[in-house]
1. Within the stretch A:158-192, work out how many residues are polar (S, T, N, Q) and at pLDDT below 85.
2. From A:44, A:52, grab the single residue that is modelled with pLDDT of 95 or more and more than 14 Å from chain B (Cβ to nearest Cβ).
3. Please work out if residue B:155 is facing chain A (nearest Cβ under 7 Å), over 18 Å from residue B:86 (Cα atoms), open to solvent by 10 Å² or more (accessible area, probe 1.4 Å) and over 12 Å from the mean Cα position of the chain (by Cα).
There are 2 protein chains.
Amino acid sequence: METTGQQPTAAPEPKYWHLRTVLVRAIDSEFSTGQVLPNERELAARFGVARATLRQALDQLELEGRLVRRRGIGTLIAAPRVGVPVNRQEEGWPGAGRSKAWRTVDCTTAPASAQLAGNLGVAEGATVHTVRRVRLVEGRPMATESLHVPASALPHLPGFRAESDRARSVLRQLERLEVDGESRSVELGVAEADEAGLLERPPGSPVLVMTTQYVSAGRLVALAVSTYRADTCKLTFGETGLADVAPVGVTREVRTAS
Amino acid sequence: METTGQQPTAAPEPKYWHLRTVLVRAIDSEFSTGQVLPNERELAARFGVARATLRQALDQLELEGRLVRRRGIGTLIAAPRVGVPVNRQEEGWPGAGRSKAWRTVDCTTAPASAQLAGNLGVAEGATVHTVRRVRLVEGRPMATESLHVPASALPHLPGFRAESDRARSVLRQLERLEVDGESRSVELGVAEADEAGLLERPPGSPVLVMTTQYVSAGRLVALAVSTYRADTCKLTFGETGLADVAPVGVTREVRTAS
DNA sequence: CAGTGGTCTAGACCACCCG
DNA sequence: GGGTGGTCTAGACCACTGA
């Protein structure tokens, strides 16, 4: 199992990491999108390791978005990640009410918990509308979003309505507001049970969690928490999209090799 | 090992996922930042599972940034993620030459590979400067960056110099350019060997890969590929930072519970 | 049905940290 | 030293897919 002829005193490279490197090369040179790899038991045998060790390498590659594993089917070469625009307001929230990009799941109106109230800058117990939506890209769910709006930010909201109407009303009222700006943050998370279901992924799948604060007239009028599938999504904040860059994996390899 | 009294016909929840849920509750209620958990063998025994199963749950929690595991020490409750500003130009590149936020590692000047040339919009083989830097937050490395600049974008760059001087010159020249805008993308990746070393993390650690295109006078003048430690970083794109939102984990729990 | 990936086990050894 | 997490093994059973 010589790695690359390293000195005995050198730091010993874990088998699974070496395996990953070998597989990356094989994937890049001998396979193309959608193709299925040999099954895990065979691969493990071929490389002379336990199946668990091989799986550790595959886990890495899946986290990088290079592989997709489907139970009962096999391990496939993943398509390059989809660039999902999140910068333009039309992509995020206002104007999206009529778009097909988002599908409303439900809408609740309830008093804010201490936690949520703090984040929204309102008093605890203040009424807050919460719209839950799913973002679709090419018909597939790519993200979930929980949009929290204090009732005080929507003075002209019509009275009681059916849930689906209420969601529409909230979104419509939001569009009427002048949005001065948004501030966002992005971090890594995992899909909880409900999100996992909406994203059609198993619980624990990695997601990019984007938190957006919408400001109007100097006040925070909405807080959106979105979870994007990390396996297939690349969040793009482009201002005026220049040419798209090639998959990062490749870019980074190039740099490393230089 | 009753989970929560679910029907036999219900979808069986994996043990490691149930374990994770239990641990999340324990962490939030009974532990505080920096505290060490019982060791893995003891925890596994206490929950009546194999150590490997327990580790699967801990892996999840580490990915979420709730735990930190240190070899020879133990498993600690992680501090909340650090918000790292990446939107303001002063945080990213121009003006950072004199700042203490970035430490230059090296600087190379070489012909562009086909891959890199395509991404930069120059001819293959064109001369490109590459500055490698590390971003420090509170003295700790939080990100690595490879900044690629076509020599054609820096017409006034002085001649040959020592490497450290060259890096400084490239950065200084870049600052002189008027930057019309940047377009960014963020996705999930893993740290390769060299990045891992700079970030003081083992290879394969999750990172947020941010790719930034800098545009000046309608032309792409620089391409930056940054890798941020996903365990401790939260990328913030705030325009004019309002109050910070609480840790997302909590926020999301609140929403789920509503 | 046979074949795939997903979960789980019990045990072993190693690399690292500290007193 | 003894204790920690990190790696690796060989095997088992389950859940899902497709023919």
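1. Total meeting the criteria: 1.
2. So the residue among A:44, A:52 that is modelled with pLDDT of 95 or more and more than 14 Å from chain B (Cβ to nearest Cβ) is A:44.
3. Against the criterion (facing chain A (nearest Cβ under 7 Å), over 18 Å from residue B:86 (Cα atoms), open to solvent by 10 Å² or more (accessible area, probe 1.4 Å) and over 12 Å from the mean Cα position of the chain (by Cα)), residue B:155 does not qualify.
The values are calculated or read from the model by the stated rules, or taken from the named source; none is laboratory data. Quick caveat: nothing in here was measured; it's all calculated off a predicted structure. Cβ sites come from the backbone with ideal geometry, for glycine too, and all protein chains shown count toward neighbours. Surface accessibility is based on the protein's heavy atoms, side chains included, excluding ligands, DNA and RNA. Shrake-Rupley method; radii C 1.70, N 1.55, O 1.52, S 1.80 Å.
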